[in-house]
2 protein chains.
Amino acid sequence: MNSILPTRRLFGPGPTNPYPEATVALGHPLLGHLDPEFIARLDRTCEGLRQVWGTTNARTLPLSGTGSLGMEAAFVNTVKPGDVVVIAVNGLFGERMCDVAARCGAEVVRVDHEYGTPVDADRVADAHPSPAIIAAVHAETSTGVRSDIRALGEIKGDALLITDAVTSIAGSELRADDWGIDVGYAGTQKCLGVAPGLAPFTISDRAFERRNTTPQSWYVDLGLLGGYVGEASGGRTYHHTAPVAMIASLEAALERVLAEGLENAWARHQAAGDALQAGLQSMGLELFAAEGHRLAQLTTVKVPDGTDSAKVRSYLLDHYDLEIGGGVGQYAATVWRIGLMGPNAHPASVTLILGALEDAIKNA
Amino acid sequence: MNSILPTRRLFGPGPTNPYPEATVALGHPLLGHLDPEFIARLDRTCEGLRQVWGTTNARTLPLSGTGSLGMEAAFVNTVKPGDVVVIAVNGLFGERMCDVAARCGAEVVRVDHEYGTPVDADRVADAHPSPAIIAAVHAETSTGVRSDIRALGEIKGDALLITDAVTSIAGSELRADDWGIDVGYAGTQKCLGVAPGLAPFTISDRAFERRNTTPQSWYVDLGLLGGYVGEASGGRTYHHTAPVAMIASLEAALERVLAEGLENAWARHQAAGDALQAGLQSMGLELFAAEGHRLAQLTTVKVPDGTDSAKVRSYLLDHYDLEIGGGVGQYAATVWRIGLMGPNAHPASVTLILGALEDAIKNA
């Protein structure tokens, strides 16, 4: 271990700095995973997750892995071999959905969109007359774009709607039930303000009834996980050892977010992102995501001509202990991604990042 | 959250109380998952894991889930549809292996053993002339039995040997390379003394070369995970967001275990288990696991006739803030499981549990 631990300001695409309550909870005495006190904690956590998802789904729980495990769980439990799965692709995480769905035996129908633009519900609707599943990313972490999931819910017909809410949950308006989301997964390390390691997950009764009863994954088999969250009438049944410390941390963050008020948290993220985006444009920088569809919690901005993206990022890390993200794929060197999530959705972050970035562009 | 947090003595089958260093590390400032400081931390963690596994395997890493995800990764990456997989079953985790392997399309050949007895390598060898894979549990958490993995390595022939070391790692002699283990998985919440949430994993070059290049799981696709741990010549590639807090905790615990000395840690677990088992027998209790094959870190003991197992466990929780485990499956009410793992492998734990159990049996 290094003798001096850096204290990073995590303004990249995630993880963000956690809420203090979430960090404190990690240090509390550990509970056994079958301890009545832990069971009560898991129940409170699931209930808090229902609120941030905007759902009454009984099967709402933190899966024991990162957001990508949530994606795998969504497809593994619902895709049957040969199923037509229409996937809206407007960034890296839509791409990943195609890979994951194909491994489940899906006939994947891609609906490609230009990176930086939102999903077009009409094009998704026209892609296939009767898909089994439609899938899209609510907040594309790779491009900083928000898509209209409600519009997909309106056109889904009999299909199940799978939604990636990794970067939107607790940072943008998200109403799983009202919008018709059947299966949703998220991560903890963005606007929930918790370290990475859990995947908040929700599935509607309708989707659960259609599920694979023996999916190819045992670890995320939702039939088995029902017992883990106490669905069985005989009480809790052992499936796997719950990651008790991370769940304690998530519970603490949920309590904090819900005490603030979910709509207040959304508004705080919006205000911070608006201020950052206005400031970046005042500096003469150009935003990457299409106007009107920009995420507040994750801003994408074009690297100015003649500026070395990597040098700027290293300078920020070295001089300010401040992390921002590079772009993804073909935009690796030409886009920066700046996250203001969880406790970092704050005016102080905006002022700091604008000042530091101006210095870095000039002097890196 | 409750206003008073209980401080449990976790003497069940896991999680154990973590090493103090592991808890402290959870509270340190978070690093981004692509931060050079975190990359160095991940590298140190993988190197420490090589030491506790007894391997030089390049592909040794903490998977981002609990031990059960490790099991899934082992089979998903190696089993091809129709492969004969011989599985030694002498407890719950051998049973689980059969389920997981079958979901990968394996032709599972079970070799059943009486619960409480160790795996018989000769019977495994006789089960099939040319299996693709042989799998067994080193330390059966459900029964408290240690099996001879070296003997399986000697009879494996051309098969790959998969080993579950969830409860043995850092608590019992474990020499992956010397014993011929091709794929091994473990957990952090037992003798490593870390909260649950990571699966230490190792795979030999031989097994990696035979792997499925597009396994049914994207999340634990070892080909993709190579980039995550820096295998690619072009440096680190993004796969999923590493659970950075848990990895910091694991790194701290590994540093502690290796500073103590791995053989010293094994000896400490052995001494604590020996003392506990002697004390239980002095109280007139009967041990469950076969003599000569008992795990030191997890003792199974028969519930005395006329004693209500659940009442005793509740009494211990209520009066002593002390957790022990019940039995598994048909032994749920007739066996207790007592773990002395990580920091709890200590004479003070032995004295406490013997005194508390005597009180509970009398007065619960």
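If the requirement is being over 20 Å from the mean Cα position of the chain (by Cα), touching a residue at least 12 places away in the same chain (Cβ under 8 Å) and surrounded by fewer than 24 Cβ atoms within 10 Å (Cβ to Cβ), which of these qualifies: A:ASP205, A:ASP177? Full working, then the answer.
Values: A:ASP177 fails: over 20 Å from the mean Cα position of the chain (by Cα).
Testing whether each residue is over 20 Å from the mean Cα position of the chain (by Cα), touching a residue at least 12 places away in the same chain (Cβ under 8 Å) and surrounded by fewer than 24 Cβ atoms within 10 Å (Cβ to Cβ) leaves just A:ASP205.
This table checks each residue for (1) away from chain A (no Cβ under 14 Å); (2) out of contact with any helix residue (DSSP H, G or I) (no Cβ under 7 Å at 6 or more places or on another chain).
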{"position": "B:ALA207", "(1), (2)": "yes, no"}
{"position": "B:LEU224", "(1), (2)": "no, yes"}
{"position": "B:ALA265", "(1), (2)": "yes, no"}
{"position": "B:GLN277", "(1), (2)": "yes, yes"}
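Being over 21 Å from B:ALA159 (Cα atoms), in contact (Cβ under 8 Å) with a residue 60 or more places away in the chain and more than 12 Å from every other protein chain (Cβ to nearest Cβ) narrows it down to one residue among B:HIS240, B:HIS269; which is it? From the options B:HIS240, B:HIS269, the qualifying one is B:HIS269.
Among the helices (runs of 4 or more DSSP H) lying completely within segment B:1-118, list those that include at least 2 residues that are away from every other protein chain (no Cβ under 11 Å).
Details: elements: B:20-26, B:36-53, B:67-78, B:92-103.
Result: B:36-53, B:67-78, B:92-103.
When you look at B:HIS113, is it in the same structural domain as B:GLY184 (by TED's automatic domain parsing), over 22 Å from B:ASP178 (Cα atoms) and of a type outside the set (Gly, Ala, Ser), yes or no? The answer is yes for B:HIS113. Note on segment A:35-56: among residues that are over 20 Å from A:PHE208 (Cβ atoms) and in contact with a Gly (Cβ under 8 Å, 6 or more places away or on another chain), the one that is surrounded by the most Cβ atoms within 10 Å (Cβ to Cβ) is A:PHE38.
Against the definition (crowded, with 24+ Cβ neighbours inside 10 Å and modelled with pLDDT of 95 or more), how does A:SER249 come out, yes or no? Walk me through how you get there before you give the answer.
Values: crowded, with 24+ Cβ neighbours inside 10 Å: yes; modelled with pLDDT of 95 or more: yes.
Yes, satisfied.
Being among the hydroxyl-bearing types (Ser, Thr, Tyr) and more than 15 Å from A:GLY12 (Cα to Cα) is the filter; apply it to segment A:271-312 and report the residue that is surrounded by the fewest Cβ atoms within 10 Å (Cβ to Cβ). Across segment A:271-312, the extreme among qualifying residues is A:SER282.
When you scan segment B:291-300, do you find a residue that is more than 20 Å from B:ILE361 (Cβ to Cβ), of a type in the set (Gly, Ala, Ser) and in contact (Cβ under 8 Å) with a residue 24 or more places away in the chain, even just one? There is at least one residue in segment B:291-300 that is more than 20 Å from B:ILE361 (Cβ to Cβ), of a type in the set (Gly, Ala, Ser) and in contact (Cβ under 8 Å) with a residue 24 or more places away in the chain.
Filter segment A:272-290 for residues that are touching a residue at least 60 places away in the same chain (Cβ under 8 Å) and assigned to a helix (DSSP H, G or I) and give the result. A:ALA272, A:GLY273, A:ALA275, A:LEU276, A:GLY279, A:LEU280 - these are the residues of segment A:272-290 that are touching a residue at least 60 places away in the same chain (Cβ under 8 Å) and assigned to a helix (DSSP H, G or I).
Would you confirm whether or not segment A:143-162 contains a residue that is within 14 Å of chain B (Cβ to nearest Cβ) and surrounded by 24 or more Cβ atoms within 10 Å (Cβ to Cβ)? The answer is no; no qualifying residue exists.
Considering segment B:55-70, the residues that are touching a helix residue (DSSP H, G or I) at 6+ places or on another chain (Cβ under 6 Å) and among the hydroxyl-bearing types (Ser, Thr, Tyr) include one that is nearest to B:HIS33 (Cα to Cα), namely B:THR60.
All conditions but one from (1) over 27 Å from B:LEU287 (Cβ atoms); (2) out of contact with any Gly (no Cβ under 9 Å at 6 or more places or on another chain) apply to B:GLU114; the one that does not is (1).
Among the residues of segment A:313-345, write down those that are surrounded by fewer than 16 Cβ atoms within 10 Å (Cβ to Cβ) and either at pLDDT 95 or above or touching a strand residue (DSSP E or B) at 6+ places or on another chain (Cβ under 8 Å) (or both). Matches in segment A:313-345: A:SER314, A:ASP318, A:HIS319, A:ASP321, A:ALA332, A:ALA333, A:THR334.
Scanning segment B:216-226 finds one or more residues that are surrounded by 24 or more Cβ atoms within 10 Å (Cβ to Cβ) and of a type in the set (Val, Ile, Thr). Against the test of being modelled with pLDDT of 95 or more, under 25 Å from A:LEU49 (Cβ atoms) and either surrounded by fewer than 21 Cβ atoms within 10 Å (Cβ to Cβ) or among the acidic types (Asp, Glu) (or both), the options A:GLU72, A:GLU95 yield a single qualifying residue, A:GLU72.
The values are calculated or read from the model by the stated rules, or taken from the named source; none is laboratory data. Keep in mind that what you see is a predicted model, and the values were worked out from it rather than measured. Every residue, glycine among them, receives a Cβ derived from its backbone with ideal geometry; neighbour counts consider all protein chains shown.
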